[in-house]
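Okay, so here's the structure we're looking at.
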Amino acid sequence: MDFLHSFNCCCGRTHTCPIREAVIGSGILGRVPELLGDIRQVLIVSDANTRPLAFEELSDALDAAGIRSEERRVGKECRSR
């Protein structure tokens, strides 16, 4: 399975998400709303490693920009927010 394109969710389904662009850099989380353009709803996929590092900052940036977000966690701690 290619984790960059699909993943098994705790809901029991396999979800697929095509990746259009990858941006790497310092302070990038605060720029996510700008990078999303007209997109007003997103799904944040996190795990035990990425959530503590990025979730709060990303969620706050999306909220401040008026972008609706939901979170799905993958891995052993899989559960919805």
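The values are calculated or read from the model by the stated rules, or taken from the named source; none is laboratory data. Treat the numbers as computed from the prediction; the structure is a model and nothing was measured. Quick reminder, even Gly has a Cβ in these numbers, built from the backbone with ideal geometry, and neighbours come from all protein chains shown.
A few points about this structure:
- Any chance residue 3 is at pLDDT below 90 and surrounded by 13 or more Cβ atoms within 10 Å (Cβ to Cβ): no
- Taken over region 47-81, the criterion of being of a type in the set (Gly, Ala, Ser) and either in contact with a Cys (Cβ under 6 Å, 6 or more places away or on another chain) or modelled with pLDDT of 90 or more (or both) is satisfied by 48, 54, 59, 61, 64, 65, 66, 69.
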